[in-house]
């Protein structure tokens, strides 16, 4: 065999060996990455992803959220992603993309999403959120209606709140991997609207309201996080 051809053959064989080695290394890296992505617990506690808008932002800040990664609270590593008001279900799907099965996720509407005549639209969005959670095997907590202050309320709104809350309870009754968090029972007064002592002045809850919500939220989170099995 000519020397030039032999040299080319050696180079070709060496190149194949290097390519195979890189492939194995990349494969190992992918496995390690996959294992890392499949954990639902961090070094700081069990991971929870909260999805919402301004009221959720206020709750996160109440817990000490610094807008640079999760906040640690009561044994949980809690992160936040904003929902798009124009596409709530789609943005929820984007937010939870890549989460491992069994992850705990929270979804809620803002008080501005209720107008007293759009119950069907709200229900449609929730059904899409539930479908996403089911497909991905996520444990889903849905916050019920957030009441507005008396100045902004109406009989139609209160009626819609109650119907929406009943709708959520029915959904949870049909699926053991769905839980409803009762904002309404904590924040609403006898008139069905936001208690004056919890109002910042524009229907957003104040810090006292968030402190009271914590009393019932973390026990629910303990219950959900401790349950075995995924949505099926």
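Report yes if some residue within the range 204-222 is in the same structural domain as residue 49 (by TED's automatic domain parsing), surrounded by 14 or more Cβ atoms within 10 Å (Cβ to Cβ), at positive phi and in contact with a helix residue (DSSP H, G or I) (Cβ under 8 Å, 6 or more places away or on another chain); otherwise report no. No, every residue in the range 204-222 fails to be in the same structural domain as residue 49 (by TED's automatic domain parsing), surrounded by 14 or more Cβ atoms within 10 Å (Cβ to Cβ), at positive phi and in contact with a helix residue (DSSP H, G or I) (Cβ under 8 Å, 6 or more places away or on another chain).
Selection of the range 88-100 for residues being in contact with a helix residue (DSSP H, G or I) (Cβ under 9 Å, 6 or more places away or on another chain) and modelled with pLDDT of 95 or more yields 88, 89, 90, 92, 93, 96, 97, 99, 100. For the range 174-182, the count of residues that are assigned by TED's automatic domain parsing to the domain that holds residue 56, in a helix (DSSP H, G or I) and under 21 Å from the mean Cα position of the chain (by Cα) is at least one. Annotation: residue 201 fulfils all but one of (1) outside any helix (DSSP H, G or I); (2) modelled with pLDDT of 95 or more; (3) in contact with a helix residue (DSSP H, G or I) (Cβ under 7 Å, 6 or more places away or on another chain); the unmet one is (3). For the range 113-160, what are the residues that are over 23 Å from residue 210 (Cβ atoms), assigned to a loop (DSSP other than H, G, I, E, B) and free of Cβ contacts under 8 Å to residues at least 60 places away in the same chain? Across the range 113-160, the qualifying residues are 115, 116, 117, 118, 154.
Screening residue 84 on (1) in contact with a strand residue (DSSP E or B) (Cβ under 6 Å, 6 or more places away or on another chain); (2) more than 20 Å from residue 205 (Cβ to Cβ); (3) surrounded by fewer than 21 Cβ atoms within 10 Å (Cβ to Cβ) shows it passes everything except condition (1).
The values are calculated or read from the model by the stated rules, or taken from the named source; none is laboratory data. Please read all numbers here as calculations on a predicted model, not as lab measurements. Note: ideal-geometry Cβ built from the backbone for every residue, glycine included; neighbour counts use all protein chains shown.
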